[in-house]
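Below is one structure, written out as structure tokens; the observations come after it.
The values are calculated or read from the model by the stated rules, or taken from the named source; none is laboratory data. Note that this is a predicted model, so its numbers are computed, not measured. A quick note on method: Cβ atoms are made from the backbone with ideal geometry, for glycine too, and the neighbour counts reach across all protein chains shown.
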Amino acid sequence: MGYKRYEINTFEELKCISDKLRMEISMLLIEKEMTATEIGKKLDIPKAKIFYHLKELEKYNMVKISRSEVKGSNVFKYYVATHKGFKVNPTLLNSYQDEVSSSTKRMITSQIQRTIDVMNDYGLIYSDDQIISKTVQVSWSNNQFEEFNKKIESLIAEIDAQGGGTKKQYHYINIVGFEISDKIFNRKDDE
């Protein structure tokens, strides 16, 4: 599938993914294909409610049915995300600044929470060599920040295109960066 983000270009798409449950469903389906029943069990939500939200996500092509499986008289539909993450089109900022800001915060919060859940469920960390953890404060212009973002996306796409070796090791990466108005780190060595 390659590294591809779903770009949110309309207010309707933004409203769709702003729902906390839809974001949680999307995060699960980015990781693997699942049936509505499996999603419902994972999130402890009734299957009928999951189906409603899947239909909303399907309407905007954020998820799709990847395959169907017949078992006896039942047909199991497996859903998968059509992307590996979200990006809000900057042009939406002008018209819907408050909505974009709160939606983006909900997306980031959901992504961080999912990272914590994955660490709790699967993150068997035996040594410091198995984890990258950095928090930095930098003083960059908007152009420098955009350039960094482009480099990260290019690097991920390049590594993704190379494929794995003979023995794949799986990594879960969550990168969060945002602009702040004040300097947070006030250590002497930061000057």
*asked:* Going residue by residue through the stretch 138-149, is there one that turns out to be among the β-branched types (V, I, T) and more than 26 Å from Y6 (Cα to Cα)?
replied: yes
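When you scan the stretch 71-82, do you find a residue that is closer than 27 Å to E146 by Cα and among the basic types (K, R), even just one?
Checked against the condition, which is being closer than 27 Å to E146 by Cα and among the basic types (K, R), the stretch 71-82 yields no hits at all.
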*asked:* Which numbered condition in (1) farther than 30 Å from Q162 by Cα; (2) in contact (Cβ under 8 Å) with a residue 60 or more places away in the chain is the only one that I8 fails?
replied: (1)
*Please list, ordered by first then second residue, the pairs with beta carbon atoms under 6 Å, 6 or more apart or interchain, first in the stretch 137-154 and under 13 Å from G177 (Cα atoms), second modelled with pLDDT under 85.*
Q137/I184; Q137/F185
*Please work out if A81 is buried (at least 20 other Cβ atoms within 10 Å of the Cβ), small (G, A, S) and closer than 16 Å to Y6 by Cα.*
yes
*Counting only residues that are touching a Phe, Trp or Tyr at 6+ places or on another chain (Cβ under 9 Å), among the β-branched types (V, I, T) and farther than 18 Å from K15 by Cβ, which one in the stretch 45-79 is modelled with the lowest pLDDT?*
V70
*Test: residue in the stretch 99-109 that is surrounded by 14 or more Cβ atoms within 10 Å (Cβ to Cβ), over 11 Å from the mean Cα position of the chain (by Cα) and over 17 Å from V176 (Cα atoms)*: yes
*asked:* With the requirement that a residue be touching a residue at least 24 places away in the same chain (Cβ under 8 Å), within 17 Å of the chain's Cα centre (by Cα) and surrounded by fewer than 18 Cβ atoms within 10 Å (Cβ to Cβ), what does the stretch 32-57 give you?
replied: K32, E33
*Does the stretch 120-128 contain any residue that is surrounded by 12 or more Cβ atoms within 10 Å (Cβ to Cβ) and without any contact (Cβ under 8 Å) to a residue 40 or more places away in the chain?*
no
*Among the residues of the stretch 1-44, which ones are at pLDDT 95 or above and small (G, A, S)?*
A36, G40
*asked:* Quick check on my filter: what residues within the stretch 80-129 are at pLDDT 75 or above and in contact with a Ser or Thr (Cβ under 7 Å, 6 or more places away or on another chain)?
replied: V80, A81, V88, R106
*Would you please name the residue that is nearest to S102 (Cα to Cα), looking only at residues in the stretch 11-27 that are touching a Lys or Arg at 6+ places or on another chain (Cβ under 8 Å) and in contact (Cβ under 8 Å) with a residue 60 or more places away in the chain?*
S18
*Would you mind stating whether R5 is of a type in the set (K, R) and buried (at least 17 other Cβ atoms within 10 Å of the Cβ)?*
no
